[in-house]
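So the structure is just underneath, and the comments pick up after that.
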Amino acid sequence: YAKQRGKNRVERYQKRYDELLRRHSVLENELRHAIEREQLRLVFQPVVALPSMRPVGAEALLRWHHPELGAVRPDEFIPVAEESGLIAMIGSWVLDQACRQLAQWLAGGHDVWVSVNMSPKELHAADYAAQVAEVLQRYRVPPQRLVLEVTEHAVATDMDELIRRLCELRSTGVRIALDDFGAGYSSLGQLRNLPVDILKIDHALVAEPESRTGTAAPLVDVVVRLGHRLGLEVLAEGIGTPAQRAVVEEAGCRLGQGSLFGWGVPAEHLQAQLETVRSSGARPVPVQRSRP
Ligand code: C2E
Ligand code: MG
Ligand code: MG
Ligand code: MG
């Protein structure tokens with residue numbers, strides 16, 4: 001009887017595994033054509049100055065809408081793109097679109113920067129820095145207006161190589177942000193050696209403090225102080241409530257991002273918000289809160 005049960009369980013695992021494999025190969029095949037079929041687009045999530053809440057920048061986030069599969073989350077398709085090598089093509093599309101939008105905002109007189117997520121695979125391509133320089137040139141974007149985000153996952157790989165790559169990138173004039181800090185990979189010691197400009201505190205650290213006496217508040221405090229002591233700008237991600245904003249502000253953090261200020265929205269929506277801020281000089285109206 002027990003043997004039969006064990007066998008059923010193995011079959012269930014096997015079935016689940018087969019499903020995952022099938023999904024993976026469907027995604028890979030469909031992703032191959034996603035750009036030419038115009039299924040990809042970027043949304044922009046505002047980054048605000050604290051405590052004023054004035055938008056000062058935006059993070060470009062990739063969205064994939066497939067006619068049959070529907071919306072596929074980047075957490076699911078980015079790994080597929082990385083494993084299949086498609087990330088090179090997709091990443092350069094993202095970089096191009098983000099810089100094009102940034103150039104448009106700058107031409108409109110908006111004082112903003114845009115950040116783009118790069119995967120470790122892209123970063124380690126031999127011509128990546130040259131590619132970045134080329135896109136900046138193409139749209140005549142001042143390099144310091146572009147921020148490239150590297151995750152802690154990249155830090156888990158070869159440290160010396162990573163430092164070399166980041167230095168090379170920085171020599172083009174772009175700024176580097178360490179994304180998802182505190183989520184679990186890199187150590188505090190590594191942070192000191194990394195040539196980065198901005199430290200992004202992960203959601204997980206920010207989202208927890210429901211009250212100011214919560215256990216996460218002291219962690220946010222320490223990370224903000226650490227970042228500042230190392231001469232970095234510190235940005236808190238995933239701020240979703242006024243209480244979380246208060247914790248972050250009290251820690252002295254001067255940049256924030258999260259649903260409280262708006263989810264990622266199409267560029268036109270963010271532009272409308274930027275224009276409202278500029279013409280009124282007042283606090284921004286939060287952008288539409290639709291989670292795509
Ligand atoms: P990330 O770079 O850490 O991006 C932040 C993620 O948190 C985004 O999810 C965003 O929608 C979400 N978020 C923003 N505010 C809040 C909040 O207040 N609460 C919560 N719970 N979540 C919030 P998204 O867009 O699904 O992206 C997930 C990840 O996919 C990104 O994490 C990034 O690592 C990756 N990704 C997205 N776009 C790209 C891209 O163009 N290239 C690469 N290589 N990776 C990308
Ligand atoms: Mg990011
Ligand atoms: Mg992040
Ligand atoms: Mg993330």
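The values are calculated or read from the model by the stated rules, or taken from the named source; none is laboratory data. Keep in mind the model is a prediction, meaning the values are calculated, not measured. Positions of Cβ are backbone-derived with ideal geometry, glycine not excepted, and every protein chain shown enters the neighbour counts.
Residues 11, 68: which one is surrounded by 10 or more Cβ atoms within 10 Å (Cβ to Cβ) and either in contact (Cβ under 8 Å) with a residue 40 or more places away in the chain or not in a strand (DSSP E or B) (or both)? So that I can check it myself, show each step before the final result.
On the way: 68 fails: surrounded by 10 or more Cβ atoms within 10 Å (Cβ to Cβ).
Only one candidate qualifies: 11.
Give the residue, chosen from 147, 174, that is touching a helix residue (DSSP H, G or I) at 6+ places or on another chain (Cβ under 9 Å), closer than 25 Å to residue 49 by Cα and crowded, with 21+ Cβ neighbours inside 10 Å. Even if it seems obvious, please write down each step before you answer.
Values: 147 fails: touching a helix residue (DSSP H, G or I) at 6+ places or on another chain (Cβ under 9 Å).
After applying the criteria, what remains is 174.
Looking at residue 265 and the list (1) more than 19 Å from the chain's Cα centre (by Cα); (2) at pLDDT 90 or above, which single condition is not satisfied?
(1)
Anything in the range 102-117 that is within 13 Å of ligand 1 (Cβ to nearest atom) and either surrounded by fewer than 20 Cβ atoms within 10 Å (Cβ to Cβ) or part of a loop (DSSP other than H, G, I, E, B) (or both)? List them, or say none. So that I can check it myself, show each step before the final result.
Here is the first cut: in the range 102-117, the ones within 13 Å of ligand 1 (Cβ to nearest atom) are 114-117.
The answer is none; no residue qualifies.
Working only within the range 77-92, note down all residues that are away from ligand 2 (no atom under 16 Å from the Cβ) and in contact with a Leu (Cβ under 7 Å, 6 or more places away or on another chain). Walk me through it before giving the result.
First pass over the range 77-92, keeping only residues away from ligand 2 (no atom under 16 Å from the Cβ): 80, 83-86, 88-89, 92.
Scanning the range 77-92 gives 80, 86.
Let me confirm something: among 204, 126, which residue is surrounded by fewer than 17 Cβ atoms within 10 Å (Cβ to Cβ), without any contact (Cβ under 8 Å) to a residue 40 or more places away in the chain and either part of a helix (DSSP H, G or I) or of a type outside the set (Gly, Ala, Ser) (or both)? Break it down into steps so the answer makes sense when it comes.
On the way: 126 fails: either part of a helix (DSSP H, G or I) or of a type outside the set (Gly, Ala, Ser) (or both).
None of the other options fit; the residue is 204.
Consider only pairs whose beta carbons are under 7 Å apart and that are at least six residues apart or on different chains; among these, list those whose first residue lies in the range 131-152 and is closer than 16 Å to residue 176 by Cα and in contact (Cβ under 8 Å) with a residue 60 or more places away in the chain and whose second residue is assigned to a loop (DSSP other than H, G, I, E, B) and within 16 Å of ligand 4 (Cβ to nearest atom).
Pairs that qualify, where the first residue is closer than 16 Å to residue 176 by Cα and in contact (Cβ under 8 Å) with a residue 60 or more places away in the chain and the partner is assigned to a loop (DSSP other than H, G, I, E, B) and within 16 Å of ligand 4 (Cβ to nearest atom), are 149/118.
Take the residues in the range 87-123 that are touching a residue at least 60 places away in the same chain (Cβ under 8 Å) and within 16 Å of ligand 4 (Cβ to nearest atom), then tell me which one is farthest from residue 173 (Cα to Cα).
Across the range 87-123, the extreme among qualifying residues is 117.
Select, from 84, 92, the only residue that is modelled with pLDDT of 95 or more, among the small types (Gly, Ala, Ser) and under 18 Å from the mean Cα position of the chain (by Cα).
Numbers: 84 fails: under 18 Å from the mean Cα position of the chain (by Cα).
Of 84, 92, the one residue that is modelled with pLDDT of 95 or more, among the small types (Gly, Ala, Ser) and under 18 Å from the mean Cα position of the chain (by Cα) is 92.
Residue 82 - would you say it is surrounded by 15 or more Cβ atoms within 10 Å (Cβ to Cβ) and assigned to a helix (DSSP H, G or I)?
On the way: surrounded by 15 or more Cβ atoms within 10 Å (Cβ to Cβ): yes; assigned to a helix (DSSP H, G or I): yes.
Answer is yes for this residue.
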